[in-house]
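Here is the structure we will look at, set down as C-alpha cells.
The values are calculated or read from the model by the stated rules, or taken from the named source; none is laboratory data. All values derive from a computational prediction rather than experimental measurement. Cβ atoms come from the backbone with ideal geometry, glycine included; neighbour counts cover every protein chain shown.
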Amino acid sequence: MLKSTTPTVVGSKTEAKTKHRTFSLNAKDKYYAALFLGPSLLILSVFVFYPMLRTLYISMFLTNTLGKTTVFNGLGNYTDLLGSPEYIASLGSTLVYVFAVTVLTVGIGLLLANLASKRLPGIGIFRTLYSVTMGVSVSVAAIFWLFIFNPSTGFFALLSNLLGLPVINWLTDPTMAMWAVIITTVWMNLGFTFLILLGAISAVPTTLYEAASIEGASERRQFFKITVPMISPTLFFVSTITLIEGFKSFGLIDLITKGGPTNSTNMLVYRIYKDAFYSGNYAQASSEAIILTVIIAFFTFLQFKFLEKRVNY
Amino acid sequence: MISTNKPSRLNKIVSYTLLLLLAFVILAPFFIGIWTSFLPTMEIAKGNFLSTDLSLNNYVSAFTKTPILRYLGNSLVVSVLTMAAQLVFCSMSAYAFVFLKFKYRNAIFVLFLITMMLPFEAEIIPNFTTVKNLGMLDHYSVLLIPFLTSAFGTFMLRQAFMQTPSELKEAADIEGLNHFQFYWNIVLPYNKVSLITLGAYSFLGAWNQYLWPMLTTFSNNSRLIQNGLRQLQSEETFNDWGMIQASAAIIVIPTILVLFIGQHYFKSGMNEGAVK
C-alpha cells in the first residue's frame, strides 16, 4: 500500500528565509503550545510511544496465552527467532517480495512517466489513465486479480486454454503465489509512483534537453544522462517509500494467499498477526514486531539522512 | 513536457503504440472485473466470457443481499471524521512547531520525527489490549481515536507553514492578532493547498485501512468496506464471482470518479511538495 505516504517530505523550498524568522518571545506561548500540541501528544503517547515500549518489554519475557508476561527471557526470544529456519525463510521471502516490488514499481513507473512526459496531443488522457490505480484499494485490487489468477474460471486460465498453454496454478504453487502477490502490489503501486515521477520529470529544466539536442544526443542518451540524474532524489524517495510499504504489506497477502501455500508468502507483518492473534504467542510476536521496527526505522532514517538538506530540522 | 526536439512521424507512431499498449495492460484488470460484473455467475463459471447475457442483476443482489451499503456508510463516516480530525490536530501541532516558542520544542519535534519511523503494524499487540480495556472494540471510536492525529501530517504541514511569509506574521503582530486568530484567519487559508493534500491523503489512508479494523471490528455495524469485501468473498457468496465483481465495482467506481475530479487539486498539491 504505497498510498499512505505523500511526497511532501521531500520538499521545502525556502529554508533560508525561515531560519531568520523572529519569534515573538511571548510568555503566553507556552500555554498556547500546550493547547495546540496537547491533543496530538496525548494520542501519540497512548497509541505510538507506549505500545512501542510495551512491545519491547514483552519481547524480553515469556508470555502466557492471555498475553501476560511470565518469566524474563532477556534476548532469548530474539535468538530463538533468528535461529529458527521458519523465521529466516519468512524474512527471506519478505526480502524477495520487497526487492521485486520496488524494482518493478519504480522501473515501470519510470517508463510510464518518461513516456507520458512527451509533448504529444492527447497526452493528458494517458496521464489520467496511468494514475488510475491510485483509486484502487487493497480489497478491490485483490478481487480483480484473484479472478484473473483463478485456476478454473480465471482470465489467465482462459487465455492459456485458448492458446493451448498449460494452466499455471497461480495460487497453489509457492513460487507463483509469490508472483501473484508481487504483480498485484506493483499494479496497485503504479498510479502513485507514476504521478510522483511525472511531477519530477516535468520539473527538469527544458534548456538541458535543448542543449543536448543541439549536440545531437539521442533520446535514449538524454534519458540516461539528463532525466535519470536530474530526478535521482525523487527516484530515491519513491524507492524507499515502496520499500518501507513493502515491508509493512499485510492486506493483499491476507486477501490473496493468507500467507500460503506452505508459508511461501508468510511475510513479516502477517507472521506477527498470526503468532499473536492465532497462536497466542505474544512474546514471539513482539520480538518479530521489534525486528520489523528496526528494519523500517533503518530505511526511514536512511531517507531522512539523504533528504537532510531538503528537510529542515 | 521535456522532449523539445520535434518528434518525427515514426517516433510519434511508436510513442502512441506504446502509450496505448501500456494503458491497455494497466486498465485490463478493471475491464475484466467490470465486464464480468455484468455477466451471470453461471456463465463465468463455464468460462463463457464473451456471453452477451449482460445485466445489472449482480449489482441488484450486491445491494439487496449483502450489507455492502452499510460497509460503505461505515467507511465513509470513519474516513471523513479521520480526515477532519487530522486536519485540525495536525495543523495545530504544526502551528506550534513553527510559530510558538517554548521549552523542549526541538526535542518534541524530534519525538514526532521518531514516530514516523515506527510502523503501526508493530504496535498492534499492546494497542489491541488498550482498546479492549477501554471498551472500544467493535465501535467507530476504535477506528477513529488512534488516528486523530499523525506525525507525518504534522511534519508535512510544518514544512508548508514554514514557508508562510514572515511579513504576514509581522502584520498580524501589528494588528494585535492572538495565536488563535493568526492560525485560523491567516495560516490556514494561506496553506489551503497543503491542507487539501493532507485531507485527501488522510481520507485515502483511512479508507484503505485493513489490519487494524480487521482486528477490532466484528459486526456489520462497524465493519469497514475493505474488510467487508473480504467477508463477502469468504462467506456466503463463495464463488459467486458475478456479485463479488459487482461489489468491487461499486466501491472502485466512486473512488475513481472522486480521484479524477480531485486530481487537479491533488496533483498541484503533490507537485508543490515534490522535488524541484
Selection from segment B:99-129 of residues that are more than 7 Å from chain A (Cβ to nearest Cβ), over 26 Å from the mean Cα position of the chain (by Cα) and buried (at least 21 other Cβ atoms within 10 Å of the Cβ): B:Phe99
Candidates A:Phe194, A:Phe147, filtered to the one that is assigned to a helix (DSSP H, G or I), within 7 Å of another protein chain (Cβ to nearest Cβ) and touching a Gly at 6+ places or on another chain (Cβ under 7 Å): A:Phe147
Counting only residues that are more than 30 Å from A:Leu37 (Cβ to Cβ) and in contact with a Leu (Cβ under 9 Å, 6 or more places away or on another chain), give me the helices (runs of 4 or more DSSP H) lying completely in segment B:1-98 with at least 3 of them. B:9-37, B:57-65
Among the numbered conditions (1) within 24 Å of A:Ala142 (Cα to Cα); (2) not assigned by TED's automatic domain parsing to the domain that holds B:Ala206, tell me where B:Asn74 comes up short. (2)
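Given the structure, is A:Glu308 modelled with pLDDT under 90 and either within 11 Å of another protein chain (Cβ to nearest Cβ) or part of a loop (DSSP other than H, G, I, E, B) (or both)? Talk me through it step by step, then tell me what you get.
On the way: modelled with pLDDT under 90: yes; either within 11 Å of another protein chain (Cβ to nearest Cβ) or part of a loop (DSSP other than H, G, I, E, B) (or both): yes.
Judged against the criteria, A:Glu308 is a match.
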Residue count, segment A:205-218, condition within 7 Å of chain B (Cβ to nearest Cβ) and surrounded by fewer than 18 Cβ atoms within 10 Å (Cβ to Cβ), comes to 3
Assuming A:Ala200 fulfils every condition listed in (1) small (Gly, Ala, Ser); (2) more than 8 Å from chain B (Cβ to nearest Cβ); (3) buried (at least 23 other Cβ atoms within 10 Å of the Cβ) apart from one, which condition is it? (2)
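Here's the yes/no breakdown for (1) touching a Phe, Trp or Tyr at 6+ places or on another chain (Cβ under 8 Å); (2) more than 21 Å from B:Phe99 (Cβ to Cβ):
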site	(1), (2)
B:Glu123	yes, yes
B:Tyr140	no, yes
B:Ser150	no, no
B:Leu188	no, no
B:Phe218	no, yes
B:Ser222	yes, yes
B:Gly228	yes, yes
B:Gln86 fails exactly one of (1) more than 8 Å from chain A (Cβ to nearest Cβ); (2) crowded, with 19+ Cβ neighbours inside 10 Å; (3) more than 24 Å from A:Phe304 (Cβ to Cβ), namely (3)
Tell me whether segment A:152-162 contains one or more residues that are at the interface with chain B (Cβ under 8 Å from one of its Cβ atoms) and within 24 Å of the chain's Cα centre (by Cα). no
For segment A:255-280, give me each residue that is crowded, with 20+ Cβ neighbours inside 10 Å, out of contact with any Gly (no Cβ under 9 Å at 6 or more places or on another chain) and away from chain B (no Cβ under 14 Å). A:Ser264
Kindly indicate the residue of segment B:195-219 that is at the interface with chain A (Cβ under 8 Å from one of its Cβ atoms) and not in a helix (DSSP H, G or I) and also surrounded by the most Cβ atoms within 10 Å (Cβ to Cβ) among those meeting that condition. B:Asn208
Can you name the condition, by its number, that B:Gly135 falls short on among (1) within 9 Å of chain A (Cβ to nearest Cβ); (2) of a type in the set (Gly, Ala, Ser); (3) closer than 30 Å to A:Tyr273 by Cα? (1)
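List the helices (runs of 4 or more DSSP H) inside segment A:1-88, counting only whole elements, that have at least 1 residues being modelled with pLDDT under 85, closer than 30 Å to B:Ala96 by Cα and more than 7 Å from chain B (Cβ to nearest Cβ).
Working: elements: A:15-19, A:29-44, A:50-58, A:76-83.
In segment A:1-88, the matching helices (runs of 4 or more DSSP H) lie at A:15-19.
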Here are A:Leu292, A:Leu302, A:Leu255: which of them is within 18 Å of A:Phe99 (Cα to Cα), in a helix (DSSP H, G or I) and modelled with pLDDT of 90 or more? A:Leu292
